[in-house]
1. Out of the residues in segment 100-118 meeting the condition of being part of a loop (DSSP other than H, G, I, E, B) and within 17 Å of residue 51 (Cα to Cα), tell me which one is farthest from the chain's Cα centre (by Cα).
2. Can you name every residue in segment 159-168 that is modelled with pLDDT of 95 or more and crowded, with 18+ Cβ neighbours inside 10 Å?
3. If we keep just the residues of segment 133-151 that are within 14 Å of residue 176 (Cα to Cα) and not in a helix (DSSP H, G or I), which is modelled with the highest pLDDT?
4. Going by what's in this entry, would residue 187 be described as surrounded by fewer than 17 Cβ atoms within 10 Å (Cβ to Cβ) and either touching a residue at least 60 places away in the same chain (Cβ under 8 Å) or at negative phi (or both)?
5. Can you pull out the residues in segment 62-85 that are outside any loop (DSSP other than H, G, I, E, B) and over 19 Å from residue 16 (Cβ atoms)?
6. Just one of the numbered conditions (1) under 26 Å from residue 91 (Cβ atoms); (2) assigned to a helix (DSSP H, G or I) is not true of residue 196; which one?
7. Anything in segment 190-211 that is in contact (Cβ under 8 Å) with a residue 60 or more places away in the chain and surrounded by fewer than 14 Cβ atoms within 10 Å (Cβ to Cβ)? List them, or say none.
8. Go through the residues of segment 213-234 one by one and say whether even a single one is touching a strand residue (DSSP E or B) at 6+ places or on another chain (Cβ under 6 Å) and part of a strand (DSSP E or B).
C-alpha cells in the first residue's frame with residue numbers, strides 16, 4: 001500500500017497539487033514522489049490559462065480545485081510572476097514558487113505578488129514535502145484552542161472562529177498566510193513578537209532566518225488594515241520584531 005502524504009491538514013480530502021512546470025525531468029520527479037505519498041497531482045506546462053484553471057473552468061482530472069500550486073517562474077506563455085499575480089487576485093490557494101532564480105529580488109517580488117513560499121532549484125523531495133506541509137497548515141488551519149476568539153482593534157475586527165476580518169464593517173480578503181500572521185500578532189496585543197518566533201509559528205521550523213518573508217507580509221497587512229494618519233496596528237521594533245497595538 002502506498003504511504004499517505006505526511007501533512008497536517010485537518011481535512012479528509014486527498015491533497016490536490018497543480019504543478020506548473022515545463023521541465024519534464026522535474027515534472028517526473030515531483031509527480032512520482034507526490035503520487036506515491038497519496039497526493040493528487042495535475043500538471044500544466046505553460047503559464048497560459050493557469051489562473052482560470054485554479055479558480056474555475058478547466059480543472060484537474062478529479063474535478064477538484066488544487067490545494068497547492070507549485071509554480072515555476074520561467075514558463076512558456078505567461079511567466080510565473082504574472083501567473084502568481086493572476087491567481088492571487090482571485091484565490092487564496094497556497095502558492096509555492098519553485099524556481100532556478102535564487103536572487104533575493106525575485107523572492108521578494110514573488111512574495112509581494114502573493115506567493116506563500118519560495119524554493120530554489122535544485123531541491124530535495126523532503127524539503128518540498130516539508131514546505132507543502134507548512135503551507136497546508138496555514139490554508140487548512142486547526143481550530144484556535146485558547147485565547148481570544150474575537151479581537152477588536154479600532155475599526156478592524158478579527159473573528160478567529162469564522163476566519164474573517166473586517167474593516168469599517170467591510171470584509172478584508174486575506175490570504176491564509178496573511179491571516180496566520182495576523183492571528184499570531186493579534187492574540188498577543190502589546191507583546192513583542194521576535195522575528196524568529198513569528199517565522200517559526202507562521203511558516204514553520206527552519207524559516208527562522210527568512211526575515212524578508214516577514215517584511216513583505218507585514219507590509220501587505222498594513223496596506224489592507226491600517227488607515228493613513230491613524231496610529232499603526234503593527235509596530236516595528238527595529239532588529240527585534242513586531243508588536244500588535246490595539247488603539
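1. 113
2. Within segment 159-168, 165 is the sole residue that qualifies.
3. 140
4. In short, no.
5. Selection gives 80, 81, 82, 85.
6. Result: residue 196 passes all but (1).
7. Result: 206, single match.
8. Yes.
The values are calculated or read from the model by the stated rules, or taken from the named source; none is laboratory data. Because the structure is a prediction, the values reported are computed rather than measured. Cβ: placed from backbone, ideal geometry, glycine included. Neighbour counts: every protein chain shown.
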